[in-house]
1. Take each of the peptides 304-312, 235-243, average the number of other beta-carbon atoms within 10 Å over its residues, and list them starting from the highest.
2. Work out from phi, with θ = phi - 60° and the Karplus expression 6.51 cos²θ - 1.76 cosθ + 1.60, the ³J(HN,Hα) of each residue of region 305-311, listed in order in whole Hz, and give x for Gly and Pro.
3. I need Asp352, Asp11, Asp300 ordered by Cβ neighbour count within 10 Å, fewest first.
4. Along the Cα→Cβ direction, 7 angstrom out, place labels at Arg347 and Arg320. What is the inter-label distance in nm?
5. Mind putting together the pair-distance distribution for region 1-154? All Cα pairs, 5 Å bins, whole percent per bin, short to long.
6. Which of Arg128, Arg365 has the fewest other C-beta atoms within 10 Å, and how do the rest follow up to the most?
7. Rounded to the nearest 500, what is the chain's calculated 222 nm mean residue ellipticity when only DSSP H runs of at least 4 contribute -39500 (n - 2.57) each, over all residues?
8. For the chain, give me the percentage of DSSP beta bridges that are antiparallel, rounded to the nearest 5 percent.
Amino acid sequence: MTTDTHPDPLDVLIAGGGVAALEAMMALRSLAGERVRITLLAPEREFRYRPMAVREPFTIAHAQRVELAPIAAEFGAQLVQGELEAVDAVQRRAITRAGESIAYDALVVACGTHGAPALDGAITVDDRTLGDALRGLVQDVEEGYTTQVAFVAPPQAFWPLPLYELALLTAHRAYAMNADVELAVVSPESAPLALFGEAVSRDVARLLGKARIAFHGSSTARLEHGELTLEPSGLRMRPGRVVALPLLEGPRIAGLPADAHGFIPVSELGAVPGVDGVYAAGDATSYPIKHGGIAAQQADVVAAAIAAQAGADVVAQPLRPVIRGILLTGDDARFLEAELPDDGEPRSTIGDVPAWDPPAKIVARHLGPYLARGDRQTARA
Ligand SMILES: Cc1cc2nc3c(=O)[nH]c(=O)nc-3n(C[C@H](O)[C@H](O)[C@H](O)COP(=O)(O)OP(=O)(O)OC[C@H]3O[C@@H](n4cnc5c(N)ncnc54)[C@H](O)[C@@H]3O)c2cc1C
C-alpha cells in the first residue's frame with residue numbers, strides 16, 4: 001500500500017514489532033489514510049507468532065516468523081530499528097536506547113513484557129526457546145526416563161493457556177508412545193482457565209481428567225531441592241521435572257507512569273494518563289490479561305482515537321474486551337470465547353469449531369486476515 005502525502009499529516013510513532021504494534025499500524029492506515037505519517041520503531045527484524053511456540057517441543061516445525069520490512073512497506077510506514085528507552089513528553093520526543101531522538105505528535109507504546117523465571121530449577125516457558133528447552137523433556141517422557149512432570153503457573157497468572165496446552169500435548173504424546181507418566185497443573189486459578197468463565201472451565205477440567213492430568217487450583221508453589229510445596233495446602237510432590245510460566249514485568253519506559261510491575265496504566269481509550277499524545281496497547285499495559293487478541297483490540301481502540309485526532313471521521317470507542325483462544329490438545333483443538341463485562345461473570349462458550357474467521361490463535365481485525373493470506377497461513381490452528 002502506498003499513500004499520497006497529506007498537507008499536514010500527524011506524525012505517529014509506534015514502538016514495538018508485535019501484535020499490538022502491527023495491528024495499530026494497520027488499523028491506523030485503514031482509518032486515517034494519509035492523515036498520518038507512521039514510523040515503526042522495533043528492535044527486531046521479524047514478527048514472531050508466539051502462540052504456536054507450544055508446538056515446537058512436539059514437532060520439527062518452528063513458530064511462524066514474518067519479516068517486518070515488507071509489512072511496514074505495505075502499510076506505508078517507515079521502519080526504524082531500535083528500542084524506545086525514554087519519552088520527553090514536553091518536547092514530544094521519543095529517545096531510543098542508541099540515543100536517537102524521534103519527534104512525534106502521537107506515540108503508541110506497544111513494547112510487550114519481559115519474563116523472569118518464577119521458580120529456580122524449573123524450565124521457564126519462553127516462546128523464543130521453548131522448542132529447545134522442552135524437546136529433551138518430551139523425549140525423556142517418551143523413553144520413560146521422566147515419569148512425573150508438574151506444570152506451574154506463578155501467582156500472577158496473566159495468560160495461563162500455554163501451560164494447559166503443554167500439559168495436554170505432553171499427555172497426548174506420552175500415551176501415544178505407551179509411556180507411563182503422572183502430570184499435574186498447579187495454578188492460582190480456582191478452576192482451569194477460570195478467566196474464560198464457567199463453561200470453559202468445566203470443559204477444560206473434563207479434558208484434564210480424560211488426559212489423567214491432576215489439577216491443583218488456588219495454589220502457589222515453591223521449588224526447593226527438587227521438592228515442590230504447594231501453598232496453602234502444604235501438599236508436597238517430587239516431580240522429575242517442573243515447567244513454569246514466567247513472572248512478567250512491564251517495559252518501564254522513563255518518562256511514563258508505571259505500576260509496581262512496570263506496566264503502563266491506560267484510560268479506556270488507551271491514553272496514558274498525564275502524558276499528552278502518548279497511548280499504550282497490548283501486554284505492556286496494566287490490563288491484567290496478557291493475550292494477543294486483547295492486545296489487538298486495545299490497538300484498534302488506540303488507532304481510532306489517533307485517527308480521530310488526525311481529523312478522520314471516526315469516533316473512538318472504549319475497549320469492550322472479548323477473549324478468543326484455541327486450546328491445542330493433541331487431538332482436536334478446542335475454541336474458547338468469553339466476553340469480559342466490567343461487572344459480573346464472563347459469558348463464555350467452548351466448542352470444536354471456531355466462531356471466528358480466520359481460525360487463528362491470535363484474533364486481530366487487521367493482522368489476522370493479513371497473516372492468513374496466501375503464504376502466511378501457517379499461523380492457523
Ligand atoms: C507460549 C505463548 C502462547 C500464547 N498463546 C496465545 C494464544 O493462543 N492466543 C493469544 O491471543 N495470545 C497468546 N499468547 C499471548 C500473546 O502472544 C501476547 O499477548 C501478544 O504477543 C502480545 O502482543 P504485544 O504486541 O503486546 O507484545 P509482544 O508480542 O511481546 O510484542 C512486543 C514487541 O515490542 C518489541 N519491543 C520490546 N521492547 C521494546 C522497546 N523498548 N522499544 C520498541 N520495541 C520494543 C519486541 O521486540 C516485540 O516486537 C501466548 C504467549 C506465549 C508466550
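No lab work stands behind these numbers, since they all come straight from the coordinates. Computed from a predicted model, the values in this text were never measured in an experiment. Backbone-built Cβ (ideal geometry, glycine too); neighbour counts: all protein chains shown.
1. 304-312, 235-243
2. Along region 305-311, the couplings run 5, 6, 4, 5, 4, 7, x Hz.
3. Asp352, Asp11, Asp300
4. Taking the two extended label points, one gets 1.0 nm.
5. 2, 8, 15, 16, 15, 12, 9, 8, 7, 5, 3, 1, 0, 0
6. Lowest to highest Cβ neighbour count: Arg128, Arg365.
7. The per-residue figure over the chain is -7000 deg cm²/dmol.
8. Expressed as a percentage, antiparallel bridges in the chain total about 50.
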